[in-house]
Structure formats: C-alpha cells, structure tokens
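First up is the structure itself, then whatever we jot down about it.
The values are calculated or read from the model by the stated rules, or taken from the named source; none is laboratory data. Please read all numbers here as calculations on a predicted model, not as lab measurements. Cβ placement follows ideal geometry from the backbone for every residue including glycine, while neighbour counts extend to all protein chains displayed.
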Amino acid sequence: MILPRTGLALSIGVLSMAVAASIPGPARAQATSAAAPGVYRLYVGTYTGGNGPDRSRGIYLLDLDTRSGELTPPRLAAESTDPSFLAIHPNGEFLYAANESGAILGRNDGGVSAFAIDPTTGKLTPLNQQLSAGSGPCYLVVDRQGKYVLVANYGSGSFACLPIDRDGKLRPSESHVQHQGHSTIPARQAGPHAHSVNLDPANRFAFVADLGLDGVYGYAFNSEEGLLQRPPIVTPVKPGSGPRHFAFHPGGRFAYVINEIASTINAFAYDADSGVLSSMQVVSTLPEGFHGQSWTADIHVHPSGRFLYGSNRGHDSIAIFAIDPTSGHLTPIGHESTRGKTPRNFAIDPTGTWLLAENQDSDSIVEFRIDPAKGTLAATGRTVKVARPVCIQMTPKPPGAGR
C-alpha cells in the first residue's frame with residue numbers, strides 16, 4: 001500500500017555520490033578519491049539497554065584525523081533508545097537515528113529521531129520524533145536533496161518516506177510500502193524483512209534489500225513529492241541468500257548486495273536510465289574450507305572504486321575484493337580479522353585511508369589502515385571502547401570547532 005504524499009558540510013556517502021553523479025563515464029570512479037585530508041566527526045549508533053555501568057546510553061561522538069589516524073576518546077552526543085542506524089543531512093546540520101525498539105510516541109513501535117548538530121561541539125539536540133510506519137526500523141538514508149528520510153523496517157517488512165522540514169524536524173510518513181511474501185527458510189524468511197534502503201547517485205530510484213523475500217526491490221523515487229512509485233523492479237537472488245545491505249560503485253555503473261544468510265555478495269550491472277539491476281556474479285565472503293557459523297552484515301565500496309569490503313559475523317572478519325574497473329566483477333583478495341566479535345557495521349573515511357570496524361559483542365571500534373595499491377588492511381593498534389556499536393556515520397568537522 002502506498003499513501004501519497006535542504007550546505008557546506010556533506011556527510012561521507014552524500015558527498016561521494018553527489019560528486020560522482022555529476023561526472024560522465026569512467027572518470028566517475030576516480031571522483032570520490034579526491035577528498036582532502038582533515039578531521040571528521042564520527043557519530044556512533046549503538047544498542048542501549050542493560051544495567052551495567054558500561055552500558056550504552058545512545059549516540060556517541062569521536063573525532064578522526066585522517067592525516068594521522070588519531071582517534072579521540074568517545075563522548076556521549078545524545079541519549080536515545082537503540083539508535084541502531086544513523087544518517088546525516090547533506091547540509092551537515094542535522095542527524096537522524098532509527099530507534100529500533102522502545103515506546104515511540106506512546107506506541108510500542110519503531111521510530112525515527114531528528115537531532116540538530118551543534119557546529120562547535122558536535123553534540124546533538126533532539127528536535128522531534130516520528131513513527132517509522134513499521135516495526136524494527138534498522139536502516140535509513142536522507143535523499144540527496146535533503147528533503148526526505150527513507151527508513152527500512154525489518155520487523156514488518158516495510159519502508160517509508162518521512163518529509164524533512166527546513167528546521168530539520170520530521171513530519172509523519174507520507175509514502176509507505178508494505179512488502180508481502182516469504183522465501184525458503186521458515187526460521188528467517190517466513191515473511192518480508194526490509195533490511196536496507198539506498199538511493200542511486202541520481203536520486204531517482206530507491207533500492208530495498210529484503211532479507212525475507214530474497215530480492216532487491218527498486219522503486220522510482222520522486223524527490224519533489226517523496227513518492228515511491230510501484231510496481232517495483234524486482235531483482236531476485238538465489239533462494240535462501242537473505243540480502244541485507246546494498247552499495248553502489250562510485251562510477252554509477254555497478255552495484256553490490258551482501259547476503260546475510262548465505263554469506264555471499266551479488267554483483268550487478270546498473271542501468272541508471274531504467275533503474276534495472278542485472279546480475280553478473282556471486283562470490284562467497286568466507287574463506288575456502290570454513291565450516292563454522294557466520295552471517296554477513298555490512299558492505300562498502302572504497303572511494304577509489306578499486307576495492308570492495310564486507311563484514312562476516314562469526315568468522316569475525318572483513319572480506320576484501322578487487323573490483324575490475326571495466327566489468328565490475330569481484331576478485332577475492334583475502335580476509336582480515338576485526339580483532340573482536342560480531343563486526344556488525346564498519347566505515348571507510350572519505351580519503352580512503354582508514355577502515356573502522358565495529359565489534360558489537362566486544363564493545364570496540366578497531367582501526368585499520370588501507371593499502372591504497374593492494375586494498376589490504378593493517379591494524380593500527382588504535383581501539384576505541386564503545387558499548388554495543390552498530391553504525392558509524394562521518395561528517396567534516398568545521399574549522400576551529402572544539403571538542
């Protein structure tokens with residue numbers, strides 16, 4: 001069912017795609033590798049709850065100096081209940097959090113919280129909260145014009161589009177899509193489970209990876225009115241795969257989905273005019289001969305477009321692949337231990353120098369240096385303690401701003 005229906009500082013994902021989308025042809029792949037070194041603010045989403053003194057209280061903030069790799073100690077940016085996924089507005093002035101559980105607006109349902117970012121301290125001031133139009137919101141993104149937040153609801157298998165006012169506050173959902181159906185593994189796929197929502201570089205199509213339906217669902221997106229137009233373009237994956245997170249290549253011609261249950265990655269060719277994904281390749285994220293239990297989580301393409309990374313929970317590693325610049329095909333390079341348990345999400349800084357792996361069950365964020373020629377990872381020895389970290393988003397720190 002569908003109900004009809006605004007800087008200087010850019011967050012990492014929005015900056016990369018906005019620049020790449022404006023450049024034609026193969027040169028796009030190099031556009032996002034030119035981010036100038038500097039200091040970035042890192043906002044960390046977490047799972048809250050528990051009674052211990054070290055439990056998480058919400059969203060945390062630390063700084064990364066991309067020239068040296070130095071990380072500051074984390075500090076609490078805002079208290080919030082289970083802010084498991086974050087997104088930063090293109091103008092760098094607002095942050096949005098998916099509140100995965102808890103009582104939201106008097107209802108036992110999921111919600112999305114809006115915060116204002118203090119330009120001097122980076123602290124977050126709550127603005128308002130809206131229902132996510134479903135249960136278990138686990139992923140959100142701000143559209144490239146900064147007018148809407150799109151949120152995926154894992155529990156209910158739905159996603160919604162929430163308008164953003166000029167002051168950063170959210171209005172109730174005006175466009176909502178409910179998936180229907182099931183797939184082959186009853187314990188995990190008895191119903192739909194929308195696990196992520198991403199917009200293409202041109203802001204014209206929204207792609208939802210549905211773990212419960214074994215498909216990536218593409219919807220035409222009207223960025224002026226926030227409409228999600230059906231029917232979707234459905235790109236199936238092998239039954240029992242469980243697609244989770246999705247990433248575009250900075251060149252705009254390829255896209256990749258990581259499959260949680262099967263521990264695989266699907267590579268696609270992307271037609272930006274039609275919004276059609278064409279399957280090209282499936283690769284495993286696990287080393288040959290591994291027989292333990294493991295589930296994937298996050299996926300990111302290096303800003304240069306030369307490498308792709310995916311996280312394995314169980315094997316507790318980052319899988320590394322080279323990307324063929326002509327075909328988009330993946331070649332395995334190897335695996336790097338995350339030095340902790342359950343690397344749910346990870347982030348790559350805009351210069352492509354540092355990878356930060358979040359170990360949810362070890363309460364740690366571990367830093368790695370990326371080899372620019374080989375794509376391999378080397379632990380720097382820097383580790384930050386944050387309770388149950390599950391998301392990192394970055395935005396440039398304004399010059400002269402303090403801690």
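Worth a mention:
- Here the strands (runs of 3 or more DSSP E) wholly within region 312-403 that include at least 3 residues being within 21 Å of residue 46 (Cβ to Cβ) and modelled with pLDDT of 95 or more are 343-348, 354-359, 364-370, 377-385, 389-396.
- Residue in region 277-285 that is touching a Leu at 6+ places or on another chain (Cβ under 9 Å), among the β-branched types (Val, Ile, Thr) and buried (at least 16 other Cβ atoms within 10 Å of the Cβ) present: yes
- Qualifying position, being at pLDDT below 95, closer than 25 Å to residue 368 by Cβ and not acidic (Asp, Glu), among 77, 31, 18, 27: 31
- So residue 186, is it out of contact with any Lys or Arg (no Cβ under 9 Å at 6 or more places or on another chain), more than 28 Å from residue 93 (Cα to Cα) and surrounded by fewer than 21 Cβ atoms within 10 Å (Cβ to Cβ): yes
- Once region 80-99 is narrowed to residues that are more than 17 Å from residue 198 (Cα to Cα) and of a type outside the set (A, V, I, L, M, F, W, C), the residue that is surrounded by the most Cβ atoms within 10 Å (Cβ to Cβ) is 83.
- Every residue from region 154-190 that is over 14 Å from residue 131 (Cβ atoms) and aromatic (Phe, Trp, Tyr): 154
- Any hit, region 224-235, residues being within 19 Å of residue 321 (Cβ to Cβ) and at pLDDT 95 or above: no
- Selection from region 51-68 of residues that are among the polar types (S, T, N, Q) and touching a Ser or Thr at 6+ places or on another chain (Cβ under 8 Å): 56, 66
- Within the option set 156, 135, 196, being among the hydroxyl-bearing types (Ser, Thr, Tyr) and surrounded by 24 or more Cβ atoms within 10 Å (Cβ to Cβ) holds for one residue only, 196.
- The set of residues in region 237-282 that are part of a loop (DSSP other than H, G, I, E, B) and more than 17 Å from residue 214 (Cβ to Cβ) comprises 249, 250, 251, 252, 253, 272, 273, 274, 275.
- Residue count for region 286-296, restricted to those that are part of a strand (DSSP E or B) and either surrounded by fewer than 22 Cβ atoms within 10 Å (Cβ to Cβ) or over 20 Å from the mean Cα position of the chain (by Cα) (or both): 1
- Pair list, Cβ < 8 Å and 6+ apart or interchain, from region 250-265 residues that are over 27 Å from residue 189 (Cβ atoms) to residues that are modelled with pLDDT of 95 or more and assigned to a strand (DSSP E or B): 250/301; 252/270; 253/269; 253/270
- Residues that are out of contact with any Cys (no Cβ under 8 Å at 6 or more places or on another chain), in a loop (DSSP other than H, G, I, E, B) and of a type outside the set (Gly, Ala, Ser) within region 174-188 comprise 179, 180, 182, 184, 185, listed in sequence order.
- Residues of region 162-212 classified as touching a strand residue (DSSP E or B) at 6+ places or on another chain (Cβ under 6 Å) and among the hydroxyl-bearing types (Ser, Thr, Tyr), total: 3
- Test: residue in region 264-272 that is of a type in the set (Gly, Ala, Ser) and farther than 29 Å from residue 173 by Cα: yes
- Residue in region 170-186 that is farther than 17 Å from residue 84 by Cβ and in contact with a His (Cβ under 7 Å, 6 or more places away or on another chain) present: no
- The conditions of being of a type in the set (Gly, Ala, Ser), farther than 30 Å from residue 170 by Cβ and not in a helix (DSSP H, G or I) are not met by residue 196.
Let's see how each residue does on (1) of a type outside the set (Gly, Ala, Ser); (2) touching a helix residue (DSSP H, G or I) at 6+ places or on another chain (Cβ under 8 Å); (3) buried (at least 17 other Cβ atoms within 10 Å of the Cβ); (4) closer than 21 Å to residue 112 by Cα:
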| residue | (1), (2), (3), (4) |
| --- | --- |
| 161 | yes, no, yes, yes |
| 166 | yes, no, no, yes |
| 179 | yes, no, yes, yes |
| 214 | yes, yes, yes, no |
| 229 | yes, no, no, no |
| 249 | yes, yes, yes, no |
| 258 | yes, no, yes, no |
